[in-house]
Amino acid sequence: MIRQAILEDAGQVAPLFILAMGHIAGFFANSDHYDDAIPFFEQFFKQDNNQYSYVHTLVFEDEGNILGSVTGYDGARLQELRQPILDQVRKTQPDFTPDDETEAGEYYLDCINVDADHQGKGIGKKLIQAFCDAGHAHGYSRVGLIVDLTNPDAKRFYEKIGFYVAGEKDFMGHRYFHMVKEV
């Protein structure tokens with residue numbers, strides 16, 4: 001079942017963020033070991049004022065286990081929602097200044113993830129559809145996301161479910177396709 005995330009989901013959702021973020025998690029942890037970022041994500045997931053908050057997250061739960069999650073928000077609010085993250089990261093990396101990965105006018109899908117043991121079962125597709133439905137219910141006509149240019153499988157996956165390439169963006173040292181879907 002897909003439902004709105006709650007505070008108590010932090011311990012199960014934080015490790016899933018690592019799956020979605022890969023090398024980006026390393027920036028947050030200031031470490032080459034991405035799992036070092038789990039406490040970072042747990043902390044911010046439990047707060048309501050940032051881009052990784054439970055407030056902005058839907059989870060796929062089965063028999064009490066969270067198998068996947070999707071997190072996103074109004075693209076126009078990126079700076080506001082990112083600021084608490086920047087404040088924390090800049091304590092150890094004062095020059096950390098990421099590019100904007102989203103923009104006003106779109107409901108931005110920041111991260112989608114499914115537990116490795118449950119991938120290929122349609123959970124991600126269901127989470128994305130629920131996210132798109134939520135965006136539409138909030139009055140958005142477009143959902144946006146970014147996909148690393150070096151990940152053609154992800155690009156094809158998103159194209160199969162109605163996303164198209166609207167441009168390219170630089171973000172955290174990589175080049176990404178900016179993909180959108182009309183909802």
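The values are calculated or read from the model by the stated rules, or taken from the named source; none is laboratory data. The shown structure was predicted, so the numbers you read here are calculated from the model rather than taken from an experiment. Methodologically, a virtual Cβ is constructed for each residue, glycine included, from the backbone with ideal geometry; neighbour enumeration extends over all protein chains shown.
Quick one: in segment 57-96, which of the residues that are among the β-branched types (V, I, T) and touching a helix residue (DSSP H, G or I) at 6+ places or on another chain (Cβ under 8 Å) is nearest to G173 (Cα to Cα)? If we take residues in segment 57-96 being among the β-branched types (V, I, T) and touching a helix residue (DSSP H, G or I) at 6+ places or on another chain (Cβ under 8 Å), then V89 is nearest to G173 (Cα to Cα). I'm checking my understanding of the structure. Among residues of segment 103-126 that are surrounded by fewer than 23 Cβ atoms within 10 Å (Cβ to Cβ) and of a type in the set (A, V, I, L, M), which one is farthest from G173 (Cα to Cα)? Ranking the candidates gives I123 first.
When only residues in segment 86-99 that are loosely packed, with under 14 Cβ neighbours inside 10 Å and either in contact with a strand residue (DSSP E or B) (Cβ under 9 Å, 6 or more places away or on another chain) or not polar (S, T, N, Q) (or both) count, which is nearest to Q51 (Cα to Cα)?
D87
Residue count for segment 1-37 satisfying the condition of being within 21 Å of Y73 (Cα to Cα) and crowded, with 17+ Cβ neighbours inside 10 Å: 17. A search for C-beta distances below 6 Å between a residue of segment 154-168 that is hydroxyl-bearing (S, T, Y) and any residue that is surrounded by 15 or more Cβ atoms within 10 Å (Cβ to Cβ), counting only pairs 6+ apart in sequence or on different chains, returns Y158/M179.
Restricting attention to segment 135-153, the residues being of a type outside the set (A, V, I, L, M), over 15 Å from L109 (Cα atoms) and either in a strand (DSSP E or B) or in contact (Cβ under 8 Å) with a residue 24 or more places away in the chain (or both) number 1. Looking only at segment 1-49, which residues are modelled with pLDDT under 85, over 21 Å from D117 (Cβ atoms) and within 16 Å of the chain's Cα centre (by Cα)? Matches in segment 1-49: H23, I24, G26, F27, F28.
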